[in-house]
Amino acid sequence: MSTKNQLQEIADLPRDFLKDGTQFLNRCTKPDQREFWKISQAVGMGFLVMGTIGYVVKLIHIPVNNILVGGA
């Protein structure tokens, strides 16, 4: 492989990256109201689940663990 071919391949990398990036952005669409509502519900449920897990660990598991282990 010659040096000229190697330089050409290196020069093509940013061009290919920009071409792929613009194709990706052109295919992207904003979510409609229904899709946005579903995403918001899913995120809200995630917050509730993680909050419940945190509540259980902080207020139930840790004190019980301290009682069983002896609070060392």
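Here are the numbers:
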{"read-out": "Segment 14-31 - phi-based ³J(HN,Hα) in whole Hz, Karplus 6.51/-1.76/1.60, Gly and Pro as x", "value": "x, 5, 5, 4, 5, 5, 5, x, 5, 4, 5, 5, 5, 7, 6, 10, 6, x"}
{"read-out": "Most positive-pole-ward Cα, Ala11, Met50, Gln33, against dipole of the chain from beta carbon charges", "value": "Gln33"}
{"read-out": "Expected 222 nm ellipticity per residue - DSSP helices of 4 or more, -39500 (n - 2.57), all of the chain, to 500", "value": "-27000 deg cm²/dmol"}
{"read-out": "Dipole magnitude of the chain about its Cα centre (Cβ charges: Lys, Arg +1; Asp, Glu -1), debye to nearest 20", "value": "180"}
{"read-out": "Computed label-point distance, nm, for sites Ile67 and Met45 using a 7 Å Cα→Cβ extension", "value": "3.4"}
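No value in this document is a laboratory result; all are computed from the given coordinates. All values reported here derive from a predicted model rather than from experimental measurement. In this analysis, Cβ positions are derived from the backbone assuming ideal geometry, glycine residues included, and neighbour counts consider all displayed protein chains.
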